[in-house]
Amino acid sequence: MRQVTILGAVALLFASAPGSLHAQQAPAQRPFYVGNPLGLPVEPTTAGSFEGISSNVKVYGAIYSAESCSYDPDRGLIVVPNRGVPQNVQANNGWISLLNHDGSVHTARWLGVQGPSDRGSLTPPLVLNEPFGSDIVNACFYLADRDGGTSPTDTSVAVVRKFDLKTGAPAGEYRVPRSTWFNDIAVANDGTIYATQTGDRSANPDQSTWQVWKITPSGAASIFIQGAPLRQPNGVALDRQGNIVVVNTGDSAVVTFSPAGQLTRTEWAAQAGSDGIVIMPDGTKYVSSVINGGVSRIRPRRPAELIARNIPSAASMCYDAGAKQLVIPMNANNAMAFIRID
């Protein structure tokens, strides 16, 4: 049998079709469910019948305007939030894809297989507006999202949503009305969330808008770090000691703070314009530049070295431990880049 490959737009078309059908015949209330892996039917049926796509078929695509990714070690899959269209075009239009190690599609729409008009009828309802940063901790998928922003007079509110990684069901959310939007998040083992607010990027910026927020497991939100040495903070990660490491878009600084908020270390990426950060168990840091397209490797007590160049819109990357590779969303290109680092 001949090898068959389905690329980007075709895969996305098939992934999008079920939502339009449900928009015409949505029941009043339905239990929460997620999309099937590639195969038929795309959505689960009450009978439970499902047959996977033929083993000789590879599908690539399903990614649209992705800003981050996370690695699910239990399933060995890359979890990718897709922003969909902006809030002022259509609310609740995002979805979550699952990818295999080689970048092929495992599940085109795991969360968000339903169309936006159908998601409110689920129990519990599903909301995925414009997802940005993400993290996986203790079998829970955390996602930086926002509500509002549907018009110039509709105030945007930062929200961190939680999902059960096994079932996909919503598991709660944290709304932070004092912030309009979070860029990236990092989550500690106890559920404490650290979220970046990139803030003002103008020629004469208001530095007070450059913030890292801390959200406790009980939902109490407070500004953790504000102003310099932050400069348009973007990516955030936790090292093995529980320190909070932030990379700036406005310069090449990689700044480490203790859990008490004290600056303990400043390092420098090989390029400015940082977006993503991955920290390995030995303390080695990988930093992607969304502005200049490179990936820096910063080994402990050594200067940064550029290990990859000219990746378009290199956003908030993740580490795929199963394949020993960095996975980097190229948001404007609707694609993912892969770099082996073993």
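Assorted remarks:
- Members of the stretch 158-174 that are open to solvent by 20 Å² or more (accessible area, probe 1.4 Å) and either polar (S, T, N, Q) or touching an Asp or Glu at 6+ places or on another chain (Cβ under 7 Å) (or both): 162, 167, 171
- When residue 342 is tested against the conditions (1) among the acidic types (Asp, Glu); (2) at pLDDT below 95; (3) more than 29 Å from residue 75 (Cα to Cα), the lone failure is (3).
- Residues that are open to solvent by 10 Å² or more (accessible area, probe 1.4 Å) and not in a strand (DSSP E or B) were ranked within the stretch 104-128; the one that is farthest from residue 150 (Cα to Cα) is 124.
- Unmet criterion (only one of (1) touching a Ser or Thr at 6+ places or on another chain (Cβ under 6 Å); (2) of a type in the set (A, V, I, L, M); (3) open to solvent by less than 40 Å² (accessible area, probe 1.4 Å)) for residue 277: (1)
- Counted residues, the stretch 73-94 - those being assigned to a loop (DSSP other than H, G, I, E, B) and farther than 20 Å from residue 322 by Cα: 12
- Count of the stretch 216-238 residues, restricted to those that are under 25 Å from residue 306 (Cα atoms), under 21 Å from the mean Cα position of the chain (by Cα) and part of a loop (DSSP other than H, G, I, E, B), is 1.
- When the stretch 55-70 is filtered for residues that are open to solvent by 60 Å² or more (accessible area, probe 1.4 Å) and not in a strand (DSSP E or B), the ones remaining, listed by number, are 55, 60, 64.
- Top-ranked residue of the stretch 87-101 - restricted to ones that are more than 16 Å from the chain's Cα centre (by Cα) and in contact (Cβ under 8 Å) with a residue 40 or more places away in the chain, ranked as surrounded by the fewest Cβ atoms within 10 Å (Cβ to Cβ): 88
- Output for the stretch 147-157, where each listed residue is open to solvent by 40 Å² or more (accessible area, probe 1.4 Å) and of a type in the set (D, E, K, R): 154
- Tallying residues that are of a type in the set (S, T, N, Q), more than 15 Å from residue 222 (Cβ to Cβ), part of a loop (DSSP other than H, G, I, E, B) and open to solvent by less than 40 Å² (accessible area, probe 1.4 Å) within the stretch 175-211 yields 2.
- Within the stretch 41-54, considering residues that are open to solvent by 50 Å² or more (accessible area, probe 1.4 Å) and more than 28 Å from residue 320 (Cβ to Cβ), the one farthest from the chain's Cα centre (by Cα): 47
The values are calculated or read from the model by the stated rules, or taken from the named source; none is laboratory data. What you are looking at is a predicted structure, and each value in this text was computed from that prediction instead of being measured. FYI the Cβ positions are ideal-geometry reconstructions off the backbone, even for glycines, and counts take in every protein chain you see. Note: accessible area is taken over every heavy atom of the protein model, side chains too, but ligands, DNA and RNA are not part of it. Shrake-Rupley method; radii C 1.70, N 1.55, O 1.52, S 1.80 Å.
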